Amino acid sequence: MPALTWTDDLSVGIEVIDGQHKRIVDYINQLHEAHVTGEKELLNRVLEELIDYTQSHFGFEETVMEEAGYAFLKAHRRVHELFIRKIGQFHDRHRSGEDVTVELSNILVSWLVNHIKREDRDYAGVVQKHLGAGASEPPRQGGWLSGALRRFFRG
């Protein structure tokens, strides 16, 4: 169960989305650390936070795609739904006492890398165009992007 390192080839070129992906990588690495140390409380907390944050990220990403008029939003949303269902199954197994950490971490790493490099890169150009020159700048107060950030990430 190796740790995951963020590399430039995982960037979609939208700072706010890349930042969220980096945070998911951090959670995956915390999951690895909790497994190595055997700290059950830490493992429980990280797993809960990872699931919650990933769901928020997906919601945010879908809102951004919808605002930008991304043509394949419905298919992308379906990929997210299937992944959340799969992670929910791992969560249920974990709550029943099964050690799913290694299997879950491997799936998370593989899925995240493949999802970013394929599906997320597909919408990046449309969203960047919609954001205009501000794609690499922080969201401005009151814009649709900052509103979506506040809704999904409470600030």
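Please treat every number below as a calculation from the coordinates, not as lab data. What you see is a predicted model; the values in this text were computed from it and never measured. Note that we place each Cβ from the backbone using ideal geometry, even for glycine, and neighbour counts take in every protein chain shown.
How far, in nm, would the chain grow between GLU49 and ARG118 when pulled straight, counting 0.36 nm per residue and subtracting the alpha carbon separation? Let's see the in-between values first.
Numbers: separation 69, 0.36 × 69 = 24.84 nm, distance 2.50 nm.
Gain in length upon complete extension: 22.3 nm.
For the stretch 13-153, give the magnitude of the charge dipole about the Cα centre (Cβ charges: +1 Lys/Arg, -1 Asp/Glu; no others), in debye to the nearest 20. Walk me through the numbers on the way to the answer.
Details: 18 positive and 22 negative charges, 85 e Å.
In total the dipole reaches around 400 debye.
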task = List, in order, the whole-Hz ³J(HN,Hα) value for each residue of the stretch 88-95 obtained from phi through the Karplus relation with A = 6.51, B = -1.76, C = 1.60 and θ = phi - 60°; use x for Gly and Pro.
result = x, 5, 5, 4, 4, 4, 4, 5
remark   = Share of Cα-Cα pairs in the stretch 13-153 beyond 20 Å, whole percent, is 48 percent
remark   = Assertion target for ASP122, ASP99, ordered by fewest C-beta neighbours within 10 angstrom first, is ASP99, ASP122
Distance in nm between pseudo-label sites at ILE107 and ARG77 (7 Å out along the Cβ direction from Cα) = 2.4 nm
